[in-house]
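Written below as structure tokens is the structure these notes are about.
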Amino acid sequence: MRNTKHTRNKGLKTLLIVMTSLVVISATGMFNIGVLTAGTGEKTPIGSTALAAATPESFADLAERLKPSVVNIRTTKTITTGRQGTFRSPFGEGSPFDQFFGDEFFRRFFGDIPRREFKQRSLGSGFIISKDGYIFTNNHVVEKADTIIVKVSDEKEYEAKVVGRDKNTDIALLKIEPDNSLPIIRIGDSDKLRVGDWVIAIGNPFGLSQTVTAGIVSAKGRVIGAGPYDDFIQTDASINPGNSGGPLFNMNGEVVGINTAIVAQGQGIGFAIPINMAKAILDDLKEKGKVTRGWLGVSVQDITDEIAEGLKLKEKKGALVADVFEGDPADEAGVKSGDVIIRVNGKDVENTHELLKIIAGIKVGKSVDVVILREGKEKEVRIKIAERPERDKLALRSKTSEHFGMTVQEITPEIAKHLGLPDTNGVIVSEVKEGSAAGATGIRAEDIILQVNKVKIYEMEDYEKEMARAEKAGSVLLLIQRGGSKFFVVIRK
């Protein structure tokens with residue numbers, strides 16, 4: 001009786017599996033009965049042993065083999081507090097009433113508050129890539145740390161030093177001096193990952209060491225605004241605070257990503273840096289401590305429907321040159337504002353993000369063939385790649401103007417992205433001379449000027465036109481944006 005019932009139930013389950021598969025397959029327009037085996041792209045007959053193998057029964061053996069090469073990272077940094085910045089205006093930061101509710105106001109009534117220092121501790125993860133103690137992690141895990149302690153699988157702890165770091169990709173390389181040879185991770189090829197592939201993450205979430213989670217690759221090539229070279233792997237393998245810097249593995253036990261970010265308001269959405277990005281900069285981090293990237297010397301922007309229509313472009317592909325920096329490689333090659341870069345060394349350029357990645361990966365000093373669209377016609381120029389400047393130096397490369405003792409510059413897409421601005425409208429204050437008319441009103445560097453005498457400012461040309469009139473009048477009314485606040489100021493000579 002038990003055997004008959006068991007056989008009947010088994011047959012019913014098989015029938016349900018077949019029926020379910022038929023519904024799915026017919027919905028996709030396929031008529032052969034079969035499913036795709038994960039990671040192979042080949043159809044597997046329903047009920048075969050290969051189908052069962054596509055979904056692992058357990059990750060235990062893989063996790064046991066990989067855990068020894070994952071490390072916990074504990075950092076300590078010194079935070080200084082004191083009178084400076086202790087008090088805040090009730091009207092919010094950036095309010096024109098700051099001068100009445102700032103530190104000076106409170107000091108008169110409450111006296112000085114002494115400066116104090118305290119230690120801030122944080123946790124992260126990492127993984128060993130060489131037997132002599134080189135470790136990959138996230139830059140934000142170790143940034144500004146006074147001490148970095150790495151705990152390996154046998155519970156031994158070592159003080160680590162930062163060999164190299166790269167803010168743009170949020171990758172850091174550490175080095176410890178181990179007592180003996182360390183277990184290392186095999187590095188895979190993140191380009192071979194497919195959406196739907198199984199992956200597992202190992203790390204130190206909330207201080208819970210050697211935590212293993214599993215999921216799939218949810219998407220690839222995600223741009224989340226973390227930096228100019230965003231190309232994240234999205235996964236639903238659980239990633240939490242403390243997982244940062246830890247490895248994401250494929251089912252062959254190869255690291256394919258560095259777990260980096262989560263969506264705070266979401267569940268099951270995590271992001272990892274592709275390991276190929278880390279491999280590409282490893283030598284630079286070891287030898288120079290920083291990453292040297294290519295630079296054309298242009299400011300570029302994506303092509304919208306309106307821009308494509310205005311330039312009479314057939315499609316929205318390419319990167320529009322907004323500005324060419326004088327004396328830089330593109331300028332010397334004859335590139336002009338308004339050109340559209342569509343190919344580099346035979347590789348099509350879809351948008352500005354892709355152009356940045358292509359140029360960043362080209363060795364400094366190498367010459368490349370760049371195809372541009374100018375007035376509807378293709379033109380090829382040869383450009384010798386230079387070294388990309390640091391962020392702060394890059395911000396000073398755009399056009400500047402000085403009036404009333406303050407220097408402003410146009411807001412390029414790079415500056416907007418760096419400062420988290422929603423667009424490039426207005427101009428940004430880069431310097432205010434001490435004792436100047438602008439300085440007397442409290443204008444600061446990084447203030448955004450949105451209006452001049454109630455005329456909206458979109459770009460430097462608008463600003464120059466209105467400020468020329470204001471200079472003659474001897475005064476000007478400005479609408480300033482500072483952080484999340486906006487307010488008017490009047491400057492008089």
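The values are calculated or read from the model by the stated rules, or taken from the named source; none is laboratory data. Not measured: the values here are computed from a predicted model. Quick reminder, even Gly has a Cβ in these numbers, built from the backbone with ideal geometry, and neighbours come from all protein chains shown.
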Only one of Val298, Val255 that is touching a helix residue (DSSP H, G or I) at 6+ places or on another chain (Cβ under 7 Å) and over 26 Å from Asp369 (Cβ atoms): Val255
Selection status of Val263, at pLDDT 95 or above and either under 18 Å from Tyr134 (Cβ atoms) or aliphatic (A, V, I, L, M) (or both): no
Residue check for Ala219: crowded, with 17+ Cβ neighbours inside 10 Å and assigned by TED's automatic domain parsing to the domain that holds Ile73: no
Condition check for Ile129: closer than 23 Å to Asn180 by Cβ, among the hydrophobic types (A, V, I, L, M, F, W, C) and buried (at least 21 other Cβ atoms within 10 Å of the Cβ): yes
Filtered residue count, the stretch 341-365, keeping only those that are in contact (Cβ under 8 Å) with a residue 40 or more places away in the chain and either exposed (fewer than 13 other Cβ atoms within 10 Å of the Cβ) or not assigned by TED's automatic domain parsing to the domain that holds Gly318 (or both): 1
The stretch 377-388 residues that are free of Cβ contacts under 8 Å to residues at least 60 places away in the same chain and in the same structural domain as Ala330 (by TED's automatic domain parsing), paired with ones that are in a loop (DSSP other than H, G, I, E, B) and hydrophobic (A, V, I, L, M, F, W, C) (beta carbon under 8 Å, 6 or more apart): Val381/Val335
Looking only at the stretch 451-470, and only at residues there that are among the charged types (D, E, K, R) and either under 31 Å from the mean Cα position of the chain (by Cα) or part of a strand (DSSP E or B) (or both), the one that is surrounded by the most Cβ atoms within 10 Å (Cβ to Cβ): Glu459
Every residue from the stretch 294-352 that is of a type in the set (S, T, N, Q) and under 24 Å from Gly221 (Cβ atoms): Ser299, Gln301, Thr304, Asn345, Asn351, Thr352
Qualifying residue in the stretch 316-326 (condition: over 18 Å from Asp231 (Cα atoms), modelled with pLDDT under 85, within 23 Å of the chain's Cα centre (by Cα) and of a type outside the set (Asp, Glu)): yes
Wholly enclosed strands (runs of 3 or more DSSP E) of the stretch 348-447 bearing at least 2 residues at pLDDT 90 or above and under 17 Å from Asp331 (Cβ atoms): 367-374, 377-384
From the options Val212, Val256, Val223, Val199, residue that is at pLDDT below 95 and among the β-branched types (Val, Ile, Thr): Val223
Matching residues in the stretch 210-227 - criterion: being in a strand (DSSP E or B) and within 18 Å of Ile200 (Cβ to Cβ): Thr211, Val212, Thr213, Ala214, Gly215, Ile216, Val217, Ser218, Ala219, Lys220
Residues (over 16 Å from Leu123 (Cα atoms) and buried (at least 21 other Cβ atoms within 10 Å of the Cβ)) located in the stretch 147-163: none
Pro274 outside the structural domain of Val381 (by TED's automatic domain parsing) and not aliphatic (A, V, I, L, M): yes
Members of the stretch 413-425 that are surrounded by 15 or more Cβ atoms within 10 Å (Cβ to Cβ) and in contact with a helix residue (DSSP H, G or I) (Cβ under 8 Å, 6 or more places away or on another chain): Pro413, Glu414, Ile415, His418, Leu421, Thr424
Number of positions in the stretch 228-240 that are in a loop (DSSP other than H, G, I, E, B) and either free of Cβ contacts under 8 Å to residues at least 60 places away in the same chain or at positive phi (or both): 5
Of all residues making up the stretch 164-209, the number that are among the aliphatic types (A, V, I, L, M), surrounded by 15 or more Cβ atoms within 10 Å (Cβ to Cβ) and assigned to a loop (DSSP other than H, G, I, E, B): 5
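Conditions tested, residue by residue: (1) within 12 Å of Phe404 (Cα to Cα); (2) within 36 Å of the chain's Cα centre (by Cα).
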site	(1), (2)
Gly439	yes, yes
Ile449	no, yes
Lys472	yes, no
Gln481	no, yes
Lys493	yes, no
Residue list for the stretch 366-379, restricted to those being over 18 Å from Glu309 (Cα atoms) and either among the basic types (Lys, Arg) or surrounded by 16 or more Cβ atoms within 10 Å (Cβ to Cβ) (or both): Lys366, Val368, Val370, Val371, Lys379
Residue pairs meeting the criteria (Cβ under 9 Å; at least 6 apart or on separate chains; first in contact (Cβ under 8 Å) with a residue 12 or more places away in the chain and on the phi > 0 side of the Ramachandran plot, in the stretch 130-151; second of a type in the set (A, V, I, L, M) and part of a strand (DSSP E or B)): Gly133/Val150; Gly133/Leu174
Total residues in the stretch 320-356, condition of a type outside the set (Phe, Trp, Tyr) and more than 14 Å from Asp302 (Cβ to Cβ): 22
Within the stretch 327-341, considering residues that are assigned to a loop (DSSP other than H, G, I, E, B) and more than 15 Å from Glu380 (Cβ to Cβ), the one farthest from the chain's Cα centre (by Cα): Gly327
Pair list, Cβ < 8 Å and 6+ apart or interchain, from the stretch 312-325 residues that are not assigned by TED's automatic domain parsing to the domain that holds Lys377 and crowded, with 19+ Cβ neighbours inside 10 Å to residues that are at pLDDT 85 or above and assigned to a loop (DSSP other than H, G, I, E, B): none
Those residues of the stretch 323-354 which are on the phi > 0 side of the Ramachandran plot and of a type in the set (Gly, Ala, Ser), in sequence order: Gly327, Gly334, Gly338, Gly346
